[in-house]
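In what follows, a single structure is set out as structure tokens and then discussed.
The values are calculated or read from the model by the stated rules, or taken from the named source; none is laboratory data. Computed from a predicted model, the values in this text were never measured in an experiment. Positions of Cβ are generated from backbone atoms using ideal geometry, with glycine treated the same way; all protein chains shown enter the neighbour counts.
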Amino acid sequence: MEVRELICIGCPLGCPLTVRMEGSEISVTGNTCKRGEDYAKKEVLSPTRIVTSSVPVKGGVIGMVSVKTKSDIPKDKIFQVMKEIHEASAQAPVAIGDVIIPDCAGTGIPVIATKAVEAKA
Amino acid sequence: MMEHDIVIIGGGPAGLAAAVAARKAGIQDILILERDSCLGGILNQCIHNGFGLHTFKEELTGPEYAARYIAMAEEEKIPYRLNTMVIDISKEKEVTFINREEGLSTVKAKAVILAMGCRERPRGALNIPGYRPAGIYSAGTAQRLMNIEGYSVGKEVVILGSGDIGLIMARRMTLEGAKVKVVAELMPYSGGLKRNIVQCLDDYGIPLKLSHTVVDIQGKERVTGITLAEVGPDRKPIPGTEEHYDCDTLLLSVGLIPENELSRGIGVTMSPVTSGPEVNDCLETSQEGIFACGNVLHVHDLVDYVSEEATLAGRNAAAYVQAMEKSSEEESGEESGEKAGKKAGHQVPLKAENGVRYTVPQTLDIVNMQDSVTVRFRVADVYKDRYITVSYDGNTVLRRKKKVLAPGEMEQIVLKKESFSDYPELKNIVIRTEVE
């Protein structure tokens, strides 16, 4: 049996959660509402995060453009995603939502721009 | 001298939301003055997600949230000047600013909205001994250097202060390949949002040391290390608890201070607790026709509440200008002692007591108020299982149980106009925490 301790982020209360996993059986204790149980289950089964960063932009009025993964990606892929973001760059003009990396670290999820950058005149 | 109906100082989230709201309320002649080279304020460097859950019901990054409001302002064709620094505002609402195109100029406003935001508490305010080597940054400066300028800032990092920017930067620097060794917090609790502690520190195994502070900075040209010590209940370092950390960078995330030099220049009454102006339920300062909203009024955790507050300030400034125009029209006919369409008000002070540090607004006009007014406040310490109570002249009218209250999370309660109907002679409203 695997036991994990988590802190719930569902509300400011921050309940300390204990998750016990035995095969496909998952039990959560320490939560004071249903949201805590849902959070704990997702967190132990398939934790995901949105990753944000910024990449250099060529020919733009500013030097960097902020980016994010279009949706959440598996938590254990964060550093692989960051490695690809570090190698990426954009060409001005950039619009919000422009795809910077089509499929990041094999997640099937693109990295997109979160800021518009006009081209230098 | 050029005249404008409303002049807004600052083009960040507060200024933009105030401008859009004032325009929607029917004011054509609005001018935003912004000192940076673009609109959006601090959101431009906050590239992480988590913005807009309340306002847009989706999770946006800072630049995306800013872009939504910039688009609204542009759709409304609201004029703004960039690279423009306001240097003085007079009681007569003459706003003096400076920029490269116009040099020094002054415009006269019927109403002014203060939306200058806040700035970080610097090292100089902390009394940390040691040289002044390179490698010591306020967390927000490091954030700007990294996210907007594209610099790498540092490789081995210690962060003092667990405010939200410090937590966000702990994650950001880790993702950029730096090693964040520890986040130290003077207080026995974090000043940041819980979810930031989980997602920025716990996710990356970064330790948070509560009741700890930096007692020495080593290095002459560049930081080479720092010494951390535990502090007692008096927040003074405990001898013998010193611990050394090698690092090349120290980030300070030790508090935000509303930027009110201009407000003080006007002479508006300031709150010693918020470091912002005192305001009534219209978000109007002690100086008639001068309104304040956003982080210049009190430091917020969530931009969504800034937008909400600023929308109210924009609407009220619009109503003020419209009432002024109406009364000047009527003046030619018959003299009226009061502002057009407004009954004689009854301002009641809101008092923060027993664990509630302050309230915004600080006074409420129970005659002229909107149907409901949102009162925002912070508590002084971490409290468990307490009640927030509101009383009118000693009679408890509202009592809400809170499992947890923390200084890092702003609280709010809504007071309804109808609740005052039994209290025409009301003298004070008290908001406090109670154990049972």
May I ask you to verify whether B:Ser105 is surrounded by 13 or more Cβ atoms within 10 Å (Cβ to Cβ) and in contact with a Leu (Cβ under 9 Å, 6 or more places away or on another chain)?
-> no
Among the residues of the range B:223-239, is there at least one that is touching a residue at least 24 places away in the same chain (Cβ under 8 Å), more than 30 Å from A:Pro74 (Cα to Cα), polar (S, T, N, Q) and surrounded by 23 or more Cβ atoms within 10 Å (Cβ to Cβ)?
-> no
Can we say A:Ala116 is modelled with pLDDT under 95 and of a type in the set (A, V, I, L, M)?
-> no
What are the residues in the range B:1-32 that are assigned to a strand (DSSP E or B), surrounded by fewer than 24 Cβ atoms within 10 Å (Cβ to Cβ) and among the aliphatic types (A, V, I, L, M), if any?
-> B:Met2, B:Leu31
The range A:62-84, subset at the interface with another protein chain (Cβ under 9 Å from one of its Cβ atoms) and under 9 Å from the mean Cα position of the chain (by Cα), residue surrounded by the most Cβ atoms within 10 Å (Cβ to Cβ) | A:Lys68
Go through the range B:387-410 and give me each residue that's of a type in the set (A, V, I, L, M) and touching a residue at least 24 places away in the same chain (Cβ under 8 Å).
-> B:Ile388, B:Val390, B:Leu405, B:Ala406, B:Met410
Sole residue being farther than 30 Å from B:Asp29 by Cβ, surrounded by fewer than 24 Cβ atoms within 10 Å (Cβ to Cβ) and of a type in the set (Val, Ile, Thr), chosen from B:Val157, B:Val153, B:Val183 | B:Val153
B:Lys91 vs (1) away from every other protein chain (no Cβ under 14 Å); (2) out of contact with any Ser or Thr (no Cβ under 7 Å at 6 or more places or on another chain); (3) closer than 19 Å to B:Gly192 by Cβ; (4) not aliphatic (A, V, I, L, M): all pass except (3)
Yes/no for B:Asn49 being within 14 Å of another protein chain (Cβ to nearest Cβ) and more than 30 Å from A:Arg49 (Cβ to Cβ) | no
Go through the residues of the range B:151-174 one by one and say whether even a single one is within 14 Å of chain A (Cβ to nearest Cβ) and among the basic types (Lys, Arg).
-> yes
Those strands (runs of 3 or more DSSP E) lying entirely in the range B:80-183 with at least 2 residues small (Gly, Ala, Ser) | B:103-114
Evaluate the following for B:Asp422: is it over 30 Å from B:Pro188 (Cβ atoms) and out of contact with any Cys (no Cβ under 9 Å at 6 or more places or on another chain)?
-> yes
Just need a number here: residues in the range B:175-205 that are in contact (Cβ under 8 Å) with a residue 12 or more places away in the chain, hydrophobic (A, V, I, L, M, F, W, C) and within 14 Å of chain A (Cβ to nearest Cβ).
-> 5
What about A:Ile78, is it under 16 Å from A:Pro47 (Cα atoms), modelled with pLDDT of 95 or more and assigned to a loop (DSSP other than H, G, I, E, B)?
-> no
Does the range A:18-34 contain at least one residue that is touching a Gly at 6+ places or on another chain (Cβ under 8 Å), closer than 30 Å to B:Ala66 by Cα and either more than 9 Å from chain B (Cβ to nearest Cβ) or in contact (Cβ under 8 Å) with a residue 12 or more places away in the chain (or both)?
-> no
Working carefully through the options A:Pro56, A:Pro110, A:Pro47, find the one that is facing chain B (nearest Cβ under 10 Å) and touching a helix residue (DSSP H, G or I) at 6+ places or on another chain (Cβ under 7 Å).
-> A:Pro47
Which of (1) modelled with pLDDT of 95 or more; (2) under 26 Å from the mean Cα position of the chain (by Cα); (3) closer than 30 Å to B:Ala178 by Cβ; (4) buried (at least 21 other Cβ atoms within 10 Å of the Cβ) is the odd one out, the single condition B:Leu210 does not satisfy?
-> (4)
